[in-house]
Amino acid sequence: MQDDPVSIPDIPLAYRDGVEKARRLDPALAQAYARHTRIGDPEADAVMAALAGHPSRQVQDWIRRVLDHGPASVPDAPAALRQFVAGIEAPPDWFEAERTLAGCRAFHRHSELLVGAFVGAVLIEGFSTLISQSFCVTGRLVDQGVIRLKQNNRHLVEIFIPGGLERDGDGWKLSVRIRLMHARVRLLLAASDDWNEAELGTPLSSAHIAFATACFSGLLLKRAAMLGVTLDAEERDSFMLVWRYAGRLMGVHPELAFDDEAGALHLQRVGALCEPPPTDESIILANCLINSAPVVAGITEPAARDRLTRRIYRVSRALIGDELADALNYPPMASFGALTALRWKTRAERLAGRLFPAFEQSRRASQFQRMLEVSFHSDQGMAYRLPEHVHAERDVAS
């Protein structure tokens, strides 16, 4: 039985036109997406409410200990934190760790192109939504673009390390840490005069967490294929299983959870229709990401950085399409043929790898090293500090 339509007053103002368009494609999913623009993450939000008022260093220590060693390691912490972690420690029945190995191998075989598609397309497409408002208000991407880009890359890398999503794996811990970070920022924004809930809905809403996870999984496979990445059915299913579980750990609500690649792509399409056209904040973030990428790659010489930036813009335009690229104020340029050379290079390397195994081993080792270089901000381990202020520059100064 189809859900009753969402009444217009319940939909945040910015979404009303888009939700009407999305209903023509999938009324039930469009209505669910609209509902979830008003929802955060009740479990993680309850943790942040319980931790409010405790000293920052104490909170950081509790989170570090509970994620590293489990609820029994923090008997002095609020019960909400212990109950939250206890409730997510056991994987769901549908998750089998051994089934992720094919996806992990595929990721590391094509990591350069997958990370390229991630940065040059799906992150951009994710931030073309109103999720950009949260990051612009806080400054946590604009002011710290290089650090944030490396952190996004690191999460992608860690969940595809074999065993990364097991309870003691860094992929598991990072996914839960991201969920708690989102809850903390949501709490700060909700109490801020900078956030208009009637217009924008809940900051870092349940809808946006699900949409981002759909982009990072199904849409990433689609964009990587445009660069010449080919995966077999087992690898694709395994890749999606990794993201399905990572999404669960990050707080994707069951109503918006996807089961497979087709489901993720459908959610992304419906969600994109629900969203308004890119705002000024989306434009700022998209261009910030692209201009940060050469620095993340270690290229700081101005002329070389400018050349790489223009190349990234060209490839990104070819991946996301002229309509979205123009809406994001990309510099005007022809993108015809931008992907052809990359696809030929991928095919040539694949053939060389088959003919010369030593070449393939060397290529993978070099690719893995580059992946680490663009993913790790420091060697100090995982940070568990949560923001204390809605604006990132105040946290840096304090």
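The values are calculated or read from the model by the stated rules, or taken from the named source; none is laboratory data. Everything numeric in this text was worked out from a predicted model, so none of it was measured. Glycine gets a Cβ as well: all are built from the backbone with ideal geometry, and neighbour counts include every protein chain shown.
Structure notes:
- Checked against (1) under 18 Å from A14 (Cα atoms); (2) in contact with a helix residue (DSSP H, G or I) (Cβ under 8 Å, 6 or more places away or on another chain), N196 passes all but condition (2).
- The single condition among (1) surrounded by 20 or more Cβ atoms within 10 Å (Cβ to Cβ); (2) under 24 Å from E158 (Cβ atoms) that E275 does not meet is (2).
- Counted as qualifying within the range 34-111 are the helices (runs of 4 or more DSSP H) with 3 or more residues that are surrounded by fewer than 20 Cβ atoms within 10 Å (Cβ to Cβ) and aliphatic (A, V, I, L, M), namely 42-51, 79-88.
- Within the range 242-283, the set of residues being among the hydroxyl-bearing types (S, T, Y), closer than 28 Å to G169 by Cα and not in a helix (DSSP H, G or I) is empty.
The rows are residues; the columns are (1) in contact (Cβ under 8 Å) with a residue 60 or more places away in the chain; (2) closer than 24 Å to L51 by Cα; (3) buried (at least 21 other Cβ atoms within 10 Å of the Cβ); (4) of a type in the set (S, T, N, Q).
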residue	(1), (2), (3), (4)
G163	yes, no, no, no
W172	yes, yes, yes, no
R186	yes, yes, yes, no
D194	yes, yes, no, no
L204	yes, yes, yes, no
F216	yes, no, yes, no
A224	yes, no, yes, no
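- Test: residue in the range 274-293 that is under 30 Å from H36 (Cβ atoms), out of contact with any Leu (no Cβ under 8 Å at 6 or more places or on another chain) and modelled with pLDDT of 95 or more: yes
- Of all the numbered requirements in (1) in contact with a Pro (Cβ under 8 Å, 6 or more places away or on another chain); (2) of a type outside the set (F, W, Y); (3) closer than 26 Å to G87 by Cβ, E199 misses one, and that requirement is (3).
- Selection from the range 205-227 of residues that are among the aliphatic types (A, V, I, L, M) and under 12 Å from the mean Cα position of the chain (by Cα): I209, A210, A212, A214, L219, L220
- Within the range 120-141, considering residues that are outside any helix (DSSP H, G or I) and modelled with pLDDT under 90, the one farthest from A210 (Cα to Cα): G139
- Failed item in (1) more than 18 Å from the chain's Cα centre (by Cα); (2) over 27 Å from G321 (Cβ atoms), with A262 passing the rest: (2)
- Counted residues, the range 213-229 - those being over 18 Å from L241 (Cβ atoms) and either touching a strand residue (DSSP E or B) at 6+ places or on another chain (Cβ under 6 Å) or part of a helix (DSSP H, G or I) (or both): 3
- Residues of the range 238-259 satisfying the condition of being without any contact (Cβ under 8 Å) to a residue 40 or more places away in the chain and either surrounded by fewer than 20 Cβ atoms within 10 Å (Cβ to Cβ) or in contact with a Leu (Cβ under 6 Å, 6 or more places away or on another chain) (or both): P254, D259
- Flag not set for D41, criterion: without any contact (Cβ under 8 Å) to a residue 60 or more places away in the chain and acidic (D, E).
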